[in-house]
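Inspection log for the structure reproduced underneath, given as structure tokens.
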Amino acid sequence: MFGAVVVGIGIAGSVRIRDLLNPMQSSPSENLKLLGFVSRRDLGQYNGVKQVSLDEALQNCEVDAAFICTDNQNHEQSIRSFLEAGKHVLVEYPMALSAQAAHELFQLADQKGKVLHVEHIELLTEEFNQLKKEVAGKELVEGVLHFTGGPLDEQKSGFPSFSGIARITWLVDLFGSLSVTSAKREENEEKYCKLTANFTTADNRPLTWIEERAPGLKREKKVNFTFKSGKLDTLPPAPRAAVGPFMQDQNLFARKLLGQVSKEDLAAEKKRILHCIDLAEKIKQYCQH
């Protein structure tokens, strides 16, 4: 059994507590035992789980792993603290708000011999599974991925290329490694923000990512991919998943703790995560010059 704590009780943290308390039968998650949660708020208990201080979580030898569900701005320090304390870490994306920090944290995890697992549930949704099946084997000519949603507090969430890294992850998983060719950001005083980033694939095919946020904007993703064999301009319909993406992610983390994920798969995942973070950093640099 691996003792676990959840750090941060927002939307993600509350889902993590739910799934840790109710693991899938006969799944790797049955090897995780929730020992407590850490929160800046004085809650005492949550869903029957006791609140512990950060120091208690770091120093308790029964705590083997931490689920980091804090604001994005706090991810880096939280990961660093738990790794330094000899704990395994699961963190919600983005793992950090700079490429340098992300590379350093993976190096620290390697030094400590601990698992550093970065949640990317956007790759575990039925919506993405159906899209990936639709794209498989087709030769890209050009494409656009357009996300819209409500405004974010950038101080807590980070630069839009980091808070929106799930969209970069989609494009990289679908089309392979990318290069940033240009990026710009538009804003106004009404909390409107639009980030446009242009990429090329390894085959020199152009891709564009648009991240648009404003009060009242509906949360949705739109695709417009042109292939040599035709066009895809709507996301394919997706069935309801038998297992939710957070539970799938928790099972994957538990499999890593149990040594059930191959070195090759771990290396490929780490390479993808760092590539996406490097792209986010490059986009930020283009927008700030």
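The values are calculated or read from the model by the stated rules, or taken from the named source; none is laboratory data. Keep in mind it's a predicted model, so treat the numbers as computed, not measured. Reconstructed Cβ throughout: ideal geometry from the backbone, glycine too, with neighbour counts over all protein chains shown. Surface accessibility is based on the protein's heavy atoms, side chains included, excluding ligands, DNA and RNA. Shrake-Rupley method; radii C 1.70, N 1.55, O 1.52, S 1.80 Å.
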Report summary line: Only one of Leu145, Leu152, Leu140 is modelled with pLDDT under 95, touching a helix residue (DSSP H, G or I) at 6+ places or on another chain (Cβ under 9 Å) and surrounded by 13 or more Cβ atoms within 10 Å (Cβ to Cβ), namely Leu152
Report task. Give the number of residues within region 97-121 that are touching an Asp or Glu at 6+ places or on another chain (Cβ under 9 Å) and either within 22 Å of Ser157 (Cα to Cα) or of a type in the set (A, V, I, L, M) (or both). Result -> 16
Query raised in the report: What number goes with the only condition from (1) over 23 Å from Ile283 (Cβ atoms); (2) part of a loop (DSSP other than H, G, I, E, B) that Glu134 does not pass?
Result: (2)
Requested in this report: Scan region 272-289 for residues that are modelled with pLDDT under 95 and either among the charged types (D, E, K, R) or part of a helix (DSSP H, G or I) (or both) and jot them down.
Outcome: Gln288
Query raised in the report: Filtering region 262-271 down to residues that are more than 12 Å from Phe106 (Cβ to Cβ) and assigned to a helix (DSSP H, G or I), which residue is most open to solvent (accessible area, probe 1.4 Å)?
Result: Lys263
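For residues in region 155-189 being crowded, with 17+ Cβ neighbours inside 10 Å, closer than 29 Å to Pro237 by Cβ and not aliphatic (A, V, I, L, M), which is farthest from the chain's Cα centre (by Cα)?
Phe175
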Query raised in the report: Any idea which residue in region 204-230 is farthest from Leu145 (Cα to Cα), counting only those that are loosely packed, with under 10 Cβ neighbours inside 10 Å and charged (D, E, K, R)?
Result: Lys228
**Report entry** Which listed residue, of Gly48, Gly13, Gly44, is within 24 Å of the chain's Cα centre (by Cα), more than 17 Å from Leu258 (Cβ to Cβ) and not aliphatic (A, V, I, L, M)
**Finding:** Gly13
Requested in this report: Answer with yes or no whether Thr196 is over 15 Å from His275 (Cβ atoms), surrounded by 15 or more Cβ atoms within 10 Å (Cβ to Cβ) and of a type in the set (Ser, Thr, Tyr).
Outcome: yes
Query raised in the report: Which ones in region 233-249 are assigned to a helix (DSSP H, G or I) and more than 13 Å from the chain's Cα centre (by Cα)?
Result: Met247, Gln248
